[in-house]
Amino acid sequence: MERTIRGRASIAGIGETTYYHRGESPDPEFVLVVKAVLDACADAGIEPHEVDGFASYSNDRNTGARLAAALDLPELRFCNMFWGGGGGGAAGAVTNAAMAVACGLADCVVAYRGLAQGQFGRFGQGGRSSTISGEYAYTVPYGVMSPAQVYAMRTTRLMHEHGIDRSTLRAVALACYHHAQNNPRAVMCGRPLDEATYDEARWIVEPFRLYDCCLENDGAAAMIVVSPERARELAKPTVVVLGAAEGSPRRAGATVHNQPDYATSSFKDSARRMYDMAGLKPRDVDVVQSYENFTGGVVMSLIEHGLCTYEDANDVLTFDNLVAPDGRLPLNTSGGNLAECYMHGLGLHLEGVRQLRGESTNPVPGAEVCLVNAGPMVENASTILYGTEATL
Amino acid sequence: MSTSSSYLPPGLPAPVPARDGLDAPYWEAASQHRLVAQRCRSCRRWQWGPEWLCHRCHSFEVAFEAPPGPAVIYSWERPWHPVHPVLATHGPYIVALVELPEADGIRMVGNLVGDPTVAVSVGAEVVPHFEDHLDDDPPFTLVHWRFA
């Protein structure tokens with residue numbers, strides 16, 4: 001039997017709450033997650049009691065067991081957490097759900113993520129402890145505390161080794177904000193960004209200015225994974241998993257910034273495995289949702305997914321090429337983590353499904369294959385290819 | 001050097017040795033103004049950060065020794081936006097990721113002391129700069145870097 005999940009799992013439904021600025025959710029985090037799950041069930045046209053599994057990432061506080069109890073699910077058959085503290089598990093949670101369905105462990109698994117940073121504290125701030133030990137004792141006392149501070153030096157090194165220009169980072173930010181203007185769900189809808197505003201924005205940590213950095217938001221998102229046979233019984237167009245890969249390169253978990261290949265998104269190996277599973281090449285990708293923690297990570301990801309090269313990245317990754325509908329490589333067509341909402345990257349997957357259903361607010365005409373990745377530069381990353389039924 | 005002349009203002013989390021004992025020799029050496037890193041007693045190769053075993057030969061006989069050769073800036077960043085209350089009015093500072101090419105290319109993180117607005121270039125040679133916080137409880141010593 002061929003070892004693959006290609007064509008063996010489908011996305012039946014997508015759901016989300018209103019996306020809020022951080023700290024502004026009227027609901028506790030658990031309620032946000034439940035609402036997103038119910039919204040996804042409604043989108044799929046299934047009864048919530050059909051759900052029999054949950055998969056999440058980044059140590060989501062709202063466990064599958066609690067969700068199953070709150071929803072009184074008849075049975076919980078799959079309850080899964082993807083290791084890794086950042087957003088690197090967004091594609092991985094969907095993939096793990098797909099594996100459970102493909103292998104017969106469960107029939108209807110929800111991949112989900114919820115965040116209420118007002119309730120639980122901000123990502124973008126350092127800790128308040130008086131002492132620190134272990135690996136962070138070698139970074140935090142030197143003022144390396146926030147994610148931007150942890151990942152800026154990888155981007156410095158990318159720019160040094162490969163001559164990536166600041167204008168290339170800027171193009172990523174401008175494309176995301178451009179797409180958000182058509183997306184009423186986007187937190188930054190109505191707040192367009194131009195070159196001068198990007199260039200004049202304050203430094204967060206060189207080489208990142210304000211608009212190189214993702215947002216901090218409250219909300220929740222959910223995605224329902226079922227068998228292709230079940231998906232075909234439902235009203236929405238079927239979106240299938242074509243290929244997926246998880247993991248990290250050699251010693252990505254080495255501490256104190258000692259990963260041997262440093263200026264990497266961690267996708268050099270996994271992207272190849274994903275394309276191989278799908279039987280596709282980078283040129284087959286019609287639209288891409290690439291996780292933005294920071295613009296530099298997106299540039300690394302696009303290169304490592306074969307969508308451009310180190311040599312031509314400055315020429316290929318331009319605003320005109322990155323925007324729908326006519327760009328050569330439409331990127332983050334919802335606005336993504338930079339301008340729609342930082343739902344820890346799961347929103348990018350919802351947008352990937354929308355593109356293939358023809359529901360995006362920035363549609364890419366004729367899109368059949370969408371790449372969605374998660375968590376560049378983090379110690380454990382994941383990436384996935386979705387396709388329309390016609391791609392099987 | 002006293003706390004009052006520290007590179008970053010006092011009040012950031014202070015480093016303490018891990019409770020499992022893994023890295024106590026590093027912090028002990030730092031307090032004596034000696035820079036050490038891990039070296040395998042079996043294959044004699046260097047590694048950083050601290051591990052319980054040599055990642056190359058899997059020997060558990062790993063010692064802390066003074067690494068050889070120069071130290072050069074491998075990458076760097078200049079934080080401006082404060083993410084901790086004691087940095088709220090501080091302004092920019094420089095973090096250096098330093099490579100030790102003759103110690104199997106291990107890397108260490110510290111602040112680049114001196115003018116925080118200086119232009120930094122990858123490849124510049126630096127030397128360790130020890131910053132004592134002896135009046136703190138518990139006392140500790142940070143290992144910064146400055147241009148050679």
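So if I check each of A:VAL110, A:VAL140, A:VAL172, which one is in contact with a Gly (Cβ under 8 Å, 6 or more places away or on another chain), of a type in the set (A, V, I, L, M, F, W, C), at negative phi and more than 10 Å from chain B (Cβ to nearest Cβ)? Within the list A:VAL110, A:VAL140, A:VAL172, the selection yields A:VAL110.
Residue-by-condition table, conditions (1) out of contact with any strand residue (DSSP E or B) (no Cβ under 6 Å at 6 or more places or on another chain); (2) at negative phi; (3) crowded, with 24+ Cβ neighbours inside 10 Å; (4) away from every other protein chain (no Cβ under 14 Å):
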{"position": "A:HIS49", "(1), (2), (3), (4)": "yes, yes, no, yes"}
{"position": "A:GLY53", "(1), (2), (3), (4)": "no, yes, yes, yes"}
{"position": "A:LEU105", "(1), (2), (3), (4)": "no, yes, no, yes"}
{"position": "A:PHE123", "(1), (2), (3), (4)": "yes, yes, no, no"}
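Of all the criteria given as (1) in contact with a helix residue (DSSP H, G or I) (Cβ under 6 Å, 6 or more places away or on another chain); (2) crowded, with 22+ Cβ neighbours inside 10 Å, the one not satisfied by B:PRO67 is (2).
Confirm whether A:ARG154 is among the charged types (D, E, K, R) and either under 19 Å from A:SER290 (Cβ atoms) or more than 8 Å from every other protein chain (Cβ to nearest Cβ) (or both). Before you say what the answer is, go through the steps one by one.
Values: among the charged types (D, E, K, R): yes; either under 19 Å from A:SER290 (Cβ atoms) or more than 8 Å from every other protein chain (Cβ to nearest Cβ) (or both): yes.
Yes.
Looking at segment B:128-137, can you tell me whether even one residue there is facing chain A (nearest Cβ under 9 Å) and surrounded by fewer than 16 Cβ atoms within 10 Å (Cβ to Cβ)? Taking every residue of segment B:128-137 in turn, none turns out to be facing chain A (nearest Cβ under 9 Å) and surrounded by fewer than 16 Cβ atoms within 10 Å (Cβ to Cβ).
Of everything in segment A:273-306, what is charged (D, E, K, R) and touching a residue at least 24 places away in the same chain (Cβ under 8 Å)? Give them in sequence order. Once the filter is applied, which keeps residues that are charged (D, E, K, R) and touching a residue at least 24 places away in the same chain (Cβ under 8 Å), segment A:273-306 yields A:ARG273, A:ASP276, A:LYS281, A:ASP284, A:ASP286, A:GLU292, A:GLU304. All conditions in (1) more than 25 Å from B:LEU22 (Cβ to Cβ); (2) hydroxyl-bearing (Ser, Thr, Tyr); (3) touching a helix residue (DSSP H, G or I) at 6+ places or on another chain (Cβ under 8 Å) hold for B:SER121, with the sole exception of (3).
When segment B:86-120 is filtered for residues that are under 17 Å from A:LEU158 (Cα atoms), at the interface with another protein chain (Cβ under 9 Å from one of its Cβ atoms) and of a type outside the set (A, V, I, L, M), only B:ARG107 remains. For segment A:190-215, filtered to residues that are crowded, with 18+ Cβ neighbours inside 10 Å and outside any strand (DSSP E or B), the residue that is nearest to the other protein chains (Cβ to nearest Cβ) is A:PRO207. For segment A:125-137, a residue qualifies if it is more than 7 Å from every other protein chain (Cβ to nearest Cβ) and either within 28 Å of the chain's Cα centre (by Cα) or polar (S, T, N, Q) (or both), and exactly one does: A:TYR136.
Within the set A:GLY104, A:GLY127, the sole residue that is within 25 Å of A:TYR20 (Cα to Cα) and small (Gly, Ala, Ser) turns out to be A:GLY127.
Only one of A:ALA235, A:ALA254, A:ALA245 is within 14 Å of chain B (Cβ to nearest Cβ) and either under 17 Å from the mean Cα position of the chain (by Cα) or in a loop (DSSP other than H, G, I, E, B) (or both). Can you tell me which?
Values: A:ALA235 fails: within 14 Å of chain B (Cβ to nearest Cβ); A:ALA245 fails: within 14 Å of chain B (Cβ to nearest Cβ).
A:ALA254 is the lone residue from the list that is within 14 Å of chain B (Cβ to nearest Cβ) and either under 17 Å from the mean Cα position of the chain (by Cα) or in a loop (DSSP other than H, G, I, E, B) (or both).
When the test is whether a residue is crowded, with 18+ Cβ neighbours inside 10 Å, part of a loop (DSSP other than H, G, I, E, B) and either out of contact with any Leu (no Cβ under 8 Å at 6 or more places or on another chain) or not hydroxyl-bearing (Ser, Thr, Tyr) (or both), A:CYS341 passes it.
Condition check for A:GLY104 on (1) within 22 Å of the chain's Cα centre (by Cα); (2) in a loop (DSSP other than H, G, I, E, B): one failure, at (1). Would you call B:ALA124 under 20 Å from A:VAL205 (Cβ atoms), more than 11 Å from chain A (Cβ to nearest Cβ) and touching a residue at least 40 places away in the same chain (Cβ under 8 Å)? Taking the combined requirement at face value, the residue satisfies it. Pairs are defined by a Cβ separation below 8 Å, a sequence spacing of at least 6 or placement on different chains, a first member in segment B:71-85 that is more than 7 Å from chain A (Cβ to nearest Cβ) and more than 26 Å from B:GLU99 (Cβ to Cβ), and a second member that is hydrophobic (A, V, I, L, M, F, W, C) and not in a strand (DSSP E or B); the pairs so defined are B:PRO82/B:ALA88. Across segment B:1-24, the qualifying residues are those that are part of a loop (DSSP other than H, G, I, E, B) and away from chain A (no Cβ under 13 Å), and the one among them that is surrounded by the most Cβ atoms within 10 Å (Cβ to Cβ) is B:MET1.
Any idea how many residues of segment B:19-37 are free of Cβ contacts under 8 Å to residues at least 24 places away in the same chain and not polar (S, T, N, Q)? Lay out the reasoning, then the answer.
Here is the first cut: in segment B:19-37, the ones free of Cβ contacts under 8 Å to residues at least 24 places away in the same chain are B:19-21, B:24, B:28, B:32.
Then drop every residue that is not not polar (S, T, N, Q), which leaves B:19-21, B:24, B:28.
Count: 5.
Being of a type in the set (A, V, I, L, M, F, W, C), at pLDDT 95 or above and within 22 Å of A:GLU161 (Cβ to Cβ) is a condition met by no residue of segment B:20-43. So, A:LEU73, is that one touching a Pro at 6+ places or on another chain (Cβ under 8 Å), more than 14 Å from every other protein chain (Cβ to nearest Cβ) and either part of a helix (DSSP H, G or I) or surrounded by fewer than 22 Cβ atoms within 10 Å (Cβ to Cβ) (or both) or not? Here the answer is yes, as A:LEU73 does meet what is asked.
This table checks each residue for (1) touching a helix residue (DSSP H, G or I) at 6+ places or on another chain (Cβ under 9 Å); (2) buried (at least 24 other Cβ atoms within 10 Å of the Cβ); (3) not in a helix (DSSP H, G or I).
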site	(1), (2), (3)
A:MET1	no, no, yes
A:ILE11	yes, yes, yes
A:VAL31	no, no, no
A:ASP39	no, no, no
A:MET81	yes, no, yes
A:GLY88	no, yes, no
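Residues in segment B:27-56 that are over 20 Å from B:LEU112 (Cβ atoms) and facing chain A (nearest Cβ under 10 Å): B:TRP27, B:GLN47, B:PRO50, B:GLU51, B:HIS55.
The values are calculated or read from the model by the stated rules, or taken from the named source; none is laboratory data. All values derive from a computational prediction rather than experimental measurement. Glycine gets a Cβ as well: all are built from the backbone with ideal geometry, and neighbour counts include every protein chain shown.
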